[in-house]
Amino acid sequence: MSETGKKPWLKKYPEGARPNIEYPELSMPDLLNRAARDFPDRKAIIFEGVEITYRVLAGMVSAFATALRKLGVNKGDRVALMTPNSPHYIVGFYAIQKLGAIVVQVNPMYVERELEHILSDSGAEVIIAYDALYPVIKSVRDVTPLEHVILFSLGQPAGTADERCLHAEQLLQENPPLTEKVDIDVVNDVAVFQYTGGTTGVSKGAMLTHRNIAANALQMTEWITNCEYGQETVLSVLPFFHVYGLTCGLNFPVVNAATMVILPRFEIEKVMQTIKSYRPTIFPGVPTMYIAVNNFPHARDYGVDSIKGCISGSAPLPVEVANKFEELTGGYLVEGYGLSETSPITNCNPFLGERRTGSIGLPFPDTEVKIVDVETGEKELSTGEEGELIARGPQCMKGYWNMPEETAHSLRNGWVYTGDIGKMDEDGYFYIVDRKKDMIVAGGFNIYPREIEEVLFEHPKVREAVVTGIPDPYRGETVKAYVVLKEGQTVTAEEVIDYCRDKLAKYKLPRQVEFRAELPKTIVGKILRRKLREEEANK
């Protein structure tokens, strides 16, 4: 690192060779211990006014590992985590891995059917959960492998526990630090089961190794060129149970001995007050979060100029959103790309050097990315040709848990087949055209929603927009746009379509426009096209 804290190799992109990172033979709990050794009194966590130093956090993790060991948790066992962002999530996450056991990520919004599937599929016999969620756990407890339920409270106890439950706070108080050292093969041993959303079928458990998750946090560290060890503050509002939040909001800060300011959910008023109080320097998020900041009244008065670096993921980042956010904060906002199977980041626009409009950027360090034909997945395509994007690197999964056929389809010779249609330009920048499944086929033409959405976001009165295909008796499918207007604005469907007319080929024009107060989203803010398609099908 140079004296200015910048990494000069990025300036040579894309002409220069990608750098190689020295990946230590350390698991994430080891890297937590390293941060505690180097910065014992630095705040590791700030949560609802509670502050925990790295020394204290490492001690809590070690004591909780002892408690889990006494419950019979051994290397290779699966332990479920079902909680919003909280210190308890962090303690549980690292304590499980410290024993060589495997973290089973569970979305706290799951209903009984979804929870039963993941617990049964993973074979988890222990779950650590927020106590308000116990009624859902209780309803499936006797039809899953669960033997132990460990609950914790956020504030006042929820009053849902029964005599079969254990309590995290009590276990932490009663147990000493773990004395044994579990032998972990960081390259091959699995650390996390990251279940995919299940939007295209049965939810699959991507097996991420200790090397996978640590490598992606280290790659991100190299990428954020002005990141300084022991000096950063990260706004951790992305949910940790999602792979994006896990890497960017948890593992990345720990690798860098950064302070994590944790929020359990994105509420714009709370986020802005938090920025004002704690002055975060890094703010990983999704486009809807940055849109909310952009549109917040008097945002500059909340100290947003502390933010120097942001990676946006989970959904395409509209150019207008990025430009306004950078103007507002003075920091960098770049679009990245990844998926659960790659821990998740494979590509990102550089913080130094050229960022290209509409591009997901360049491959991360030590990562290979290419475009292959959709039919066989074997022929590498030329510059500008559209095909399936595939990636290979130290962050790529080991496979899917108990799904050999799915693994063979998605993981070939170390390459993860993403299911995304992309292309590469002459300088090695990659572009996502769209998801295979999101492509609209209208009158024999292939139409990709993202291109239309970019145009809609340029409309001065549009706050959010998403495009999907709906059934059409003549064209097979036709293009429909769902639009959320900025506060106080009015516009007609005809005006929106006319706005697109000069910017899109005729066959790509929206034929219908529906205005909404809000769009359906996942918990990380990704717009649910699937839900909109289901609504249309049920009309």
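The values are calculated or read from the model by the stated rules, or taken from the named source; none is laboratory data. On a predicted model such as this, the values are computed, not experimentally measured, just so you know. Here the Cβ positions follow ideal geometry from the backbone for every residue, glycine too, while neighbour counts run over all protein chains shown.
So here's what we get for this one:
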read-out: Test result for residue 37, at pLDDT 95 or above and either surrounded by fewer than 17 Cβ atoms within 10 Å (Cβ to Cβ) or part of a loop (DSSP other than H, G, I, E, B) (or both); value: yes
read-out: Candidates 513, 524, 491, filtered to the one that is at pLDDT 90 or above, of a type outside the set (Phe, Trp, Tyr) and crowded, with 19+ Cβ neighbours inside 10 Å; value: 513
read-out: Scan of region 463-478 for residues that are in contact with an Asp or Glu (Cβ under 9 Å, 6 or more places away or on another chain) and not acidic (Asp, Glu), ordered by number; value: 463, 465, 466, 467, 468, 469, 470, 471, 478
read-out: Within region 401-505, helices (runs of 4 or more DSSP H) holding 2 or more residues that are within 30 Å of residue 370 (Cα to Cα) and without any contact (Cβ under 8 Å) to a residue 40 or more places away in the chain; value: 404-410
read-out: Candidates 320, 232 - the one that is closer than 22 Å to residue 453 by Cβ, in contact with a helix residue (DSSP H, G or I) (Cβ under 9 Å, 6 or more places away or on another chain) and of a type in the set (D, E, K, R); value: 320
read-out: Scan of region 215-238 for residues that are among the hydroxyl-bearing types (Ser, Thr, Tyr) and in a loop (DSSP other than H, G, I, E, B), ordered by number; value: 225, 229
read-out: So residue 305, is it acidic (Asp, Glu) and either assigned by TED's automatic domain parsing to the domain that holds residue 486 or under 20 Å from residue 234 (Cα atoms) (or both); value: yes
read-out: Any chance residue 79 is in contact with a strand residue (DSSP E or B) (Cβ under 8 Å, 6 or more places away or on another chain), assigned to a strand (DSSP E or B) and under 15 Å from residue 28 (Cα atoms); value: no
read-out: Single residue of 157, 145, 135 found to be modelled with pLDDT of 95 or more, assigned to a loop (DSSP other than H, G, I, E, B) and surrounded by fewer than 20 Cβ atoms within 10 Å (Cβ to Cβ); value: 145
read-out: Residue among 316, 344 that alone is at negative phi, within 21 Å of the chain's Cα centre (by Cα) and at pLDDT 90 or above; value: 344
read-out: Those residues of region 506-532 which are assigned to a helix (DSSP H, G or I), among the basic types (Lys, Arg) and farther than 26 Å from residue 290 by Cα, in sequence order; value: 506, 508
read-out: Residue that is at pLDDT below 95, under 22 Å from the mean Cα position of the chain (by Cα) and either part of a strand (DSSP E or B) or of a type in the set (Ser, Thr, Tyr) (or both), where the choices are 89, 110, 94; value: 110
read-out: Identity of the residue in region 496-510, surrounded by fewer than 17 Cβ atoms within 10 Å (Cβ to Cβ) and basic (Lys, Arg), that ends up modelled with the lowest pLDDT; value: 506
read-out: Single residue of region 393-416 satisfying the filter (farther than 20 Å from residue 124 by Cα and hydroxyl-bearing (Ser, Thr, Tyr)) that is farthest from the chain's Cα centre (by Cα); value: 407
read-out: Matching entry among 187, 192 (being buried (at least 16 other Cβ atoms within 10 Å of the Cβ) and either of a type in the set (Val, Ile, Thr) or assigned to a helix (DSSP H, G or I) (or both)); value: 192
read-out: Among (1) more than 30 Å from residue 453 (Cβ to Cβ); (2) surrounded by fewer than 21 Cβ atoms within 10 Å (Cβ to Cβ) - the single one residue 215 does not satisfy; value: (2)
read-out: Test for residue 221: is it among the β-branched types (Val, Ile, Thr) and under 30 Å from residue 113 (Cα atoms); value: no
read-out: Residues of region 12-34 classified as at pLDDT 80 or above and of a type outside the set (Phe, Trp, Tyr), total; value: 13
